[in-house]
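Accompanying notes for the structure given below.
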Amino acid sequence: YPGALNSLYDASENGSLDIIQGSISCVELDNITGKLLLSRELKGNMVHIGDYSGHEIFSSFMKFNISGVLWGKLIKKELYNKSFSLIPKELGITLSEDNYLFFYISLFATSYRGICNNVLNYRIDTGITKNKIIDSLNDFNRIIHAAKVFVNLKKFMEDNPEYFSKKDYKSFQNHFSWTYNKTKDSLNYVIPEIKKEAETIFLEAWNEN
């Protein structure tokens, strides 16, 4: 949207707030007219209009009140740097990387503001998460990267209990279960020739073998 960055920065009180999130419009392709139309589906559009502070930022993310995507947000560089420092570089994540980073960003942020200004048009169901035939183990491995994210985040929570409440663990389990079921569902789109290998990769990724 024109002026999107200005809208986000103006709401940040001259850059003093940690996270500013704008609203987005989801669009999808109309198969009949070939035009992009506003979608009723609001993928990634969870935004709290107003302010949060301290741990309620992380709690609200865990409760799906704030989306975990990075687009549509203005976030302090220091929070990005801290979050990147906590992610093993060798993982090579290509799915759920937004949630991986925002988990830490929301955990260590002290201030959040959501605004009603639209800052982005997001076209849904055009990336690698769109349901389609998976005909290579390379493609399946890209999808299963989401498992690495949540397995590692679960370990971080276990190793650092001082940051989290009992409610946080319960909310995280909802995120964990949703991602587990989503990646498991992707097995339905794997071609028979590589189905057995894909199932093995799935079990190994979720530490189930």
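The values are calculated or read from the model by the stated rules, or taken from the named source; none is laboratory data. Just so we're clear, the structure is a prediction, and the values are computed from it rather than from any experiment. Heads up, the Cβs are rebuilt from the backbone with ideal geometry, glycines too, and the neighbour counts pull from every protein chain shown. The area values use the complete protein model at the heavy-atom level, side chains included, leaving out ligands, DNA and RNA. Shrake-Rupley method; radii C 1.70, N 1.55, O 1.52, S 1.80 Å.
Given R0 = 45 Å, the distance between the Cβ atoms of LEU137 and LEU5 translates into a calculated FRET efficiency of 0.65.
For region 149-209, which GluC sites (Glu not before Pro) are both in a DSSP coil and crowded by at most 13 other Cβ atoms within 10 Å? Kindly include the intermediate steps, with their values, before the conclusion.
Values: sites: GLU158, GLU162, GLU193, GLU197, GLU199, GLU204, GLU208; in loops: GLU208.
Counting only loop positions with at most 13 other Cβ atoms within 10 Å, the GluC sites (Glu not before Pro) in region 149-209 are GLU208.
Wrap a convex hull around the Cα atoms of region 98-209, take a quarter of its surface area, and give that in square nanometres. Write down the numbers at each step before the final one.
Numbers: hull surface 35.9 nm².
The Cα convex hull of region 98-209, projected and averaged over all directions, gives 9.0 nm².
With all protein chains present, how much of the accessible area of region 134-183 (probe radius 1.4 Å) comes from carbon and sulfur, to the nearest whole percent? List each step's numbers first, then the result.
On the way: 1440 of 2810 Å².
In region 134-183, the share of accessible area belonging to carbon and sulfur is 51 percent.
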